[in-house]
Every structure is written in structure tokens, then in C-alpha cells.
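A short write-up of the structure that comes next.
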Amino acid sequence: MKLASLKHGRDGHLIVVSDDLSTYADAIGVAPTLQSALDDWATCEPKLRALADQLACGALVGQPLDQAALAAPLPRAYQWADGSAYVNHVELVRRARGAELPESFWHDPLVYQGGSDRFLGPCDAIPLADEAWGCDMEAEIVVVTDDIPQGVTAQEARSLIRLVGLVNDVSLRNLIPAELAKGFGFYQSKPASALSPVFVTPDTLGERWADGKLSGTLHVDLNGRPFGRADAATDMTFDFGTLIAHLAKTRSLGAGTIVGSGTVSNRDADGGPGRPVSDGGLGYSCIAEVRMVETIRDGAPATPFLKHGDAVRIWMEDETGRSIFGAIEQTVEGAT
């Protein structure tokens, strides 16, 4: 089952979307918003699934879907917690500045709490007031949870994942060092992120979803050229169940919590840093990573961060080449 939100007010208007993303059915009779459906998932899920089944078999005539008319599936959420499940990415960051990776990073996940009061729609512009801030995309997998009790195990947490999707977790890289130096985490350096057009239930993903991980190529294009083709399950040190259990160690989580994987990152076939897609590698899911590799290899980064007019596209495909979540398609624009 695939769910989305039409742009409407602050929290969108819930719709059920066909598997091929071509049509949708209004879900107002079940729940006005995705958050309200998540608040009463046991009641709403079977009714939403019935709508999806009717749409699939033709018993319900859907309306044409325009992905540009979509808000984020959750235009605002009670919580957005982003992890760093791909330790390869963290290791590269530290290697680029000549620092050792602490052993604890391999068994104790990194997580920060991001701003969830506003998510950008999949086709909304990335507003950038100053190019000197070092704007970067970060292509990630996200999950949305049901209510999570404190002390949940990783296995229990996996059973409470209700939806899966993608995010472009925008970062302002040149603002990060000064913020982290204060010892109090990100804020100005983490503006609004964009979510994929649709979120899907784990069962829709079939064998791609297993043990709290999503397998398959995460496509990232920059200005129409292949930039990243990493596999989302490969080199994922911490699955989503483990991330959620980590978050719930000292507190419960509310239904509608969004948990991010962190930047998807694969090692090269020889175990070293990844290579560009143009050189036969799997590329990168953010610009910072290629800059790290350039620093390790050449002593200094060469690839620039995003500028006004740059276009980013992030998506995943099924076995037939059909888009699973729709595409995040954004252009960087001056902030107004």
C-alpha cells in the first residue's frame, strides 16, 4: 500500500496511491491526514488497504496523480530522528581530517534530533540564502513508526515500523563545524528536509525489506548526471530496528516518528572509498563524501557544493524499473 498527502493546509490531505503511481483515491473517509491515520493505525490501516485494493482491481476509478501537487507524506511530524547507520560514511569523514574512528561507533549508533515542524514536498525547491553555507543533499532511507514503548528490543521495533520512504536530508556543510564545536549539536546547519512523494507499507516491498533493511539501488542524479548508485542494504551497520531500540532506551516514541538511516554509503569493491559512477563505481549519496574521498586521495576537495540552479533527483526502482516511492526532484533556489 502506498500513501501520500496532497498539498492542503499545514498537514496535507491523505490519499491512497496506485502501485504504479499513476492514480490516487481520496482517503478523507478514513482519515483526513496521514498523522491521524497513524494515531489509530489498527483501525485505519485495513480501511486504507481496502481502498488500495479497490484502486488496484479497478473497482474504484482513481484520479490522475501529479507528483508536483504533493506535499511531504507527513508535512510536519512529532519527531524526526536521523541516525548514521552507514559507519563507512562516518569513517570517511574522520579519515579526511586525519582522525581515528572510535571503536564504539561500530556498536553504538549516532543519532541527532532534527527539525520536524516542516518537511519540504518532493518537488519543492531547496531554499538557499547564501551559497557560501555549503549546501549539500543527503539521500537516505526513512521509516515511520507506530507508538514505540521505552525499552523496546530491536526485533520488537521492526514489527512496529509502519511505513518506508526516502528523504533528502539537506545539510549546510560549512556551518556544521562551528556548531559542533559548541558541543551542543546541529541547528542552523540542518534546514528543512524533503520527503519522497509516497511512503509505502513494508509488505509492499516484498523481499527487498528484510531484517529492518531495504535492499536495492538508491539512485541519485545531480544536474541530470548519475551521482550515486549505492545499495541501501549493503554496508548498513545498524538496521532500523536497532536504531529505533537505541532511540527508545530512555523514552517512548510517538506514532508518526520518522527515523532516518543517515547518508547511504557503500565501500568500493576493493574495500576502499567509493569511486564515482563515471569511473565504474557506485558513486555517492552526498557531495561531502566525494569531497572526503578527494581529500584522502588528492589532499584537497574539488567537487563544489550545491549552487543556485543545481538540480537533484533521488529515487528507487523495483525489478521492472518502476519507481517505488516516486522521485524527490528539487532545484536549489535563492531563499525569499
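Numbers below:
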item	result
Ratio of the Cα radius of gyration of the chain to 2.2 N^0.38 Å, where N counts its residues	0.96
Chain lengthening between A335 and T153 when straightened (0.36 nm per residue, less Cα-Cα)	61.3 nm
Residues of segment 188-230 with amide N under 15 Å of the 7 Å Cα→Cβ point at E179	188-194
FRET efficiency, 1/(1 + (r/R0)^6) with R0 41 Å, evaluated for R95 and R251 via beta carbons	0.75
At 0.890 mPa s and 25 °C, Stokes diffusion of segment 258-336 via Kirkwood alpha-carbon radius, µm² per second	165
Radius, Kirkwood style, for segment 151-273 when every pair of distinct Cα atoms is counted (Å)	16.5
Around G58: net Lys/Arg minus Asp/Glu count, Cβ-Cβ under 14 Å	-3
Residue list for segment 197-225, given a label point 7 angstrom along the Cα-to-Cβ vector of T234 and an amide N cut-off under 18 Å	208-210, 213-221
Total formal charge among the other residues, if their Cβ is under 9 angstrom from that of R158, Lys/Arg +1 and Asp/Glu -1	-3
Radius ratio Rg over Rh of segment 188-336, counting only Cα atoms, Kirkwood formula for Rh	0.97
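Read-outs: derived from the displayed coordinates by stated rules, not from any lab. The structure presented is a predicted model; accordingly, all values stated were derived computationally and were not measured. Here Cβ is always computed from backbone atoms with ideal geometry, including for glycine, and neighbour counts include all displayed protein chains.
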